[in-house]
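One structure is given below, encoded as structure tokens.
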Amino acid sequence: MEDISVITAVHHPLRRRMHDYLLLYGTSQVTTLARALDTQVGSISHHLRMLERAGLVERVEDPHGDRRTSWWKLARRGITWSADDFADSPADALLAREAQRQGIRMQIDRLQRWHRHHGDPAYSAYDASNTEWTAWASPDELRELSERIVTTLREWQASIDLEDGRERTPVFFFAHAFPTEP
């Protein structure tokens, strides 16, 4: 089970963008992050320290040996959790539910941005998918489905040769599986 500090650290909007940037582009300098995310260097540094305290990022040596610059990389790639993990602590459960709401807002915001800009030339070759499925499942079967999806995504990502010369753009996949009624 994740510590609540990890959950709350990564679900701040700017810190999530920083995490995603490092996930996609790898080790980066603070000024590069600030420029890419259109944010002040001081703010980036502050939020990197918060992510570092949560164990999500770590400092690395400047690849050129310049000790005046600050370089960072992800300390770990994935976070899997549920608000139900924190049922024993009302305070942590409240934080987890808010982090969950923040995550859903971010996912919906990304989807809405895609719909506003899917006609842009940079994305014209991308055909985003939409999949819905309703079925019967026990709690264990739903957990198994989630594990299978994560495994499939990891295998798919590992199969992509980023050095093959093909032009790519970052893509975002999200899925929610939950009990429902017709």
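The values are calculated or read from the model by the stated rules, or taken from the named source; none is laboratory data. Just so we're clear, the structure is a prediction, and the values are computed from it rather than from any experiment. Heads up, the Cβs are rebuilt from the backbone with ideal geometry, glycines too, and the neighbour counts pull from every protein chain shown. These area figures cover heavy atoms from the full protein model, side chains too; ligands, DNA and RNA do not enter into them. Shrake-Rupley method; radii C 1.70, N 1.55, O 1.52, S 1.80 Å.
Some observations on this one:
- Across the chain, C-alpha contacts under 8 Å between residues 6 or more apart give a mean separation that, scaled by the residue count, equals a relative contact order of 20 percent.
- Separation of the Leu142 and Leu111 label points, Cα + 7 Å toward Cβ, nm: 1.7 nm
- Rel. contact order, % - alpha carbon contacts under 8 angstrom, at least six apart, the range 1-64: 36 percent
- Answer label, with semi-axes √(5λ) of the Cα gyration tensor in Å calculated from the coordinates and candidates (i) 30, 24, 16; (ii) 63, 20, 12; (iii) 23, 21, 17: (i)
- Distance between the 7 Å Cα→Cβ label points at Asn130 and Glu61: 5.1 nm.
- Take the chain with all the other protein chains still there, run a 1.4 Å probe, and you get 75 Å² of accessible area per residue.
- Separation between Cα centres of the range 63-97 and the range 129-143, rounded to whole Å: 27 Å
- Listed residues Trp136, Trp156, Trp72, Trp81 arranged by accessible area, highest first, probe 1.4 Å: Trp136, Trp156, Trp81, Trp72
- Figure note: Met50, Met1, Met18 ranked by solvent-accessible area, largest first, 1.4 Å probe, ligands and nucleic acids not counted: Met1, Met50, Met18.
- Label separation (Phe178 vs Leu162): 3.2 nm, computed from points 7 Å beyond Cα along the C-beta direction.
- The chain, accessible surface, carbon-and-sulfur percent (1.4 angstrom probe): 52 percent
- Most to least accessible of Asp85, Asp38, Asp62 (protein chains only, probe 1.4 Å): Asp38, Asp85, Asp62
- Overall form of the range 83-160 per C-alpha gyration tensor (a/c, 1.5; a/b vs b/c): oblate
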